[in-house]
1. Apply the Karplus curve 6.51 cos²θ - 1.76 cosθ + 1.60, θ = phi - 60°, to the phi angles in region 40-54 and return the couplings in whole Hz, x for Gly and Pro.
2. Once you have all Cα-Cα distances for region 17-72, histogram them in 5 Å bins from zero and send the whole-percent values.
3. When only Cα pairs under 8 Å and 6 or more residues apart are kept, what is the percent relative contact order across region 17-72?
4. So how far apart, in nm, are the two label points at Tyr69 and Asp20 if each is 7 Å from Cα heading toward Cβ?
Amino acid sequence: MPGSMTISHTDALVMLSHEDAKRLTAVLSGLSDLAATGQLPATALATLSGGDPPDRAELATWSRNLAAYLHDHL
């Protein structure tokens, strides 16, 4: 479908509108900046780590890479 993005995982499919994908890209980019600069509170970092030990650098890298991937596929 033109103007949309599809994210798939084996048997599940998630569709995002083009505008939502652009917004998600901006949110992930902002999250990366917050994590990288230490502006993300420790409690938020722990929550966003999904049960893994909190790692600011890993979260910053992951969110930056995912934002770039989404941006490149819009």
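Each reported figure results from applying straightforward, stated rules to the coordinates on display, with no laboratory input. Quantities reported herein were computed from a predicted structural model and do not represent experimental measurements. Note that we place each Cβ from the backbone using ideal geometry, even for glycine, and neighbour counts take in every protein chain shown.
1. Residue by residue, region 40-54 yields 8, x, 4, 5, 5, 4, 4, 5, 6, 7, x, x, 7, x, x Hz.
2. 4, 23, 28, 22, 14, 7, 2
3. Computed value for region 17-72: 50 percent relative contact order.
4. The answer from the label model is 1.9 nm.
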